[in-house]
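Novice: One structure, pasted below without further comment.
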Amino acid sequence: MAKGISPALPLLLDNIDGPYRLNKELPELIKQNFKMVLFTVPGEMIMNPTFGVGLSRYIFESVDSSLIENILGDIKEGVEKYLPYIGLENVIVTPSEEDLQRLDITIQYLIPGNFGMQQLSFVLGSGN
């Protein structure tokens, strides 16, 4: 039986790892945890109703500088509260020129140890 740190989400059947695919390295587990914090809407987790940043709340908002500032603040606050072991290096929120309801978000962060700079990139808005 394969060894891993935790089940990888979403759960996928895997003949190599056992019944489900596993996170085997710390950086992939932390990236998964990061996504959970960013996309869980407060109130969605029954036993921890304050958990999450809830970036999906911003999907249909008009893109302007105040929206971008709110997103940056929510990401920084979420990392400080739920992922204090991560060194948040840079958060880049870029409005799309082609789609007025799309934001490209890139987060660069450090994990303690010898893992180097890590990056998480995703699209918020149209095309999700």
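The values are calculated or read from the model by the stated rules, or taken from the named source; none is laboratory data. From a predicted model like this one, the values you see are computed outputs, not experimental measurements. Note that each Cβ is placed from the backbone with ideal geometry, even for glycine, and that neighbours are counted across all protein chains shown. Note: accessible area is taken over every heavy atom of the protein model, side chains too, but ligands, DNA and RNA are not part of it. Shrake-Rupley method; radii C 1.70, N 1.55, O 1.52, S 1.80 Å.
Novice: Does the stretch 80-94 include one or more residues that are more than 17 Å from residue 110 (Cα to Cα) and over 16 Å from the mean Cα position of the chain (by Cα)?
Specialist: yes
Novice: Now, a different point. Outside any strand (DSSP E or B), at negative phi, β-branched (Val, Ile, Thr) and touching a strand residue (DSSP E or B) at 6+ places or on another chain (Cβ under 9 Å) - does that describe any residue in the stretch 31-49?
Specialist: Looking through the stretch 31-49, none of the residues is outside any strand (DSSP E or B), at negative phi, β-branched (Val, Ile, Thr) and touching a strand residue (DSSP E or B) at 6+ places or on another chain (Cβ under 9 Å).
Novice: Continuing with the same structure: So if I check each of 108, 118, which one is open to solvent by 30 Å² or more (accessible area, probe 1.4 Å), touching a strand residue (DSSP E or B) at 6+ places or on another chain (Cβ under 8 Å), in contact (Cβ under 8 Å) with a residue 24 or more places away in the chain and outside any helix (DSSP H, G or I)?
Specialist: The unique qualifying residue is 118.
Novice: Take the conditions without any contact (Cβ under 8 Å) to a residue 60 or more places away in the chain and open to solvent by less than 30 Å² (accessible area, probe 1.4 Å) and apply them to residue 75. Does it pass?
Specialist: Yes; evaluated as a whole, the condition is true for this residue.
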